[in-house]
């Protein structure tokens, strides 16, 4: 297990130490009474129990019913025997106990997960939230689909605001509805920065990027060294020099060494790390890794927060000149003024691209239409 940076507290004992069932049940009751956790969905549990019974009957029911039928009729056709239904009663009893144990086990596991993550967060000077519907974050994964929800959110305020969580959203509807899941880390910065995306090459799929948003390829920037082997960097047009200022060789090295399996997005005054698997988990190794990633970047944020957008200098100079003109005659005019924190409009968001799947669908439709027209023309000529 890697050791997280010393600047971040890390105590993994609550994730692995023994859990007393009575203590966990009492904790879950208190959690629900306080309104911090949702009450159990009785309808869902009943539906699950019915499906479990149907599954048991499907697997074992045919053979049991056949045996009972032979016992009832008797091998020699002598007729019904009251003891013949005993195997059926035993089967029903065993199936009922199986379903009860299964439902209780699943419920206790979710309660134990809450108990462990809550204690883990408090042990590390953080706070845990079981669910955050429709989180108000500017990252690309938070603005698509419907049914958005962050779960097992762990937040800390020191040495700066950081949030770990699992996130899901749904796309489509009915039979075509799909559920998309992510793990994420959100770190608050002290100043807005240009919109920059680092698409990790290592977690891409067969058909390219796994990110939910496609960006115009003209905005891609190649960096020095072997950085391009690990990340595809996109920045707004005209902000290439600013991206080079932010991603110095030492910062690039940290991303490659610590975060090569994560997609990265800088937007407004936030840094997001995205993972295709859960970020808030009961696995101590995952927490050690994520804490070490954040810890390795925190001491570099001061350099990022010194960045200023020169495109805002003209606006600042105009405002300063107007103030100088209204001042007393002995006030010297402002000759130089550092741009204020912020990003000019053209650097706040990357331009979206068209997904290749959409291009294939549109291209296929166009080809079908053209072929249909050609077929009509040929039919007319051959008549």
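Subtracting the Cα-Cα distance from 0.36 nm times the residue separation, let me have the gained length for residue 25 to residue 245 in nm, one decimal. Mind showing how you got there, number by number?
Working: separation 220, 0.36 × 220 = 79.20 nm, distance 5.28 nm.
Result: 73.9 nm gained on full extension.
Indicate the gyration tensor shape class of region 147-226 (rounded, prolate or oblate), computed on the Cα atoms with a ≥ b ≥ c the square roots of the eigenvalues: a/c under 1.5 is rounded; otherwise a/b larger than b/c is prolate and the rest oblate.
Working: a/c = 2.10, a/b = 1.04, b/c = 2.01.
Here region 147-226 falls in the oblate category.
Among rounded, prolate and oblate, which fits region 127-304 when a ≥ b ≥ c are the square roots of the eigenvalues of its C-alpha gyration tensor, a/c under 1.5 means rounded, and a/b larger than b/c means prolate?
On the way: a/c = 1.63, a/b = 1.22, b/c = 1.34.
Taking the square roots of the gyration eigenvalues as a ≥ b ≥ c, region 127-304 is oblate.
Where a number appears in this text, it was derived from the coordinates with a stated rule and is not lab data. Model, not experiment: these values are computed from the prediction.
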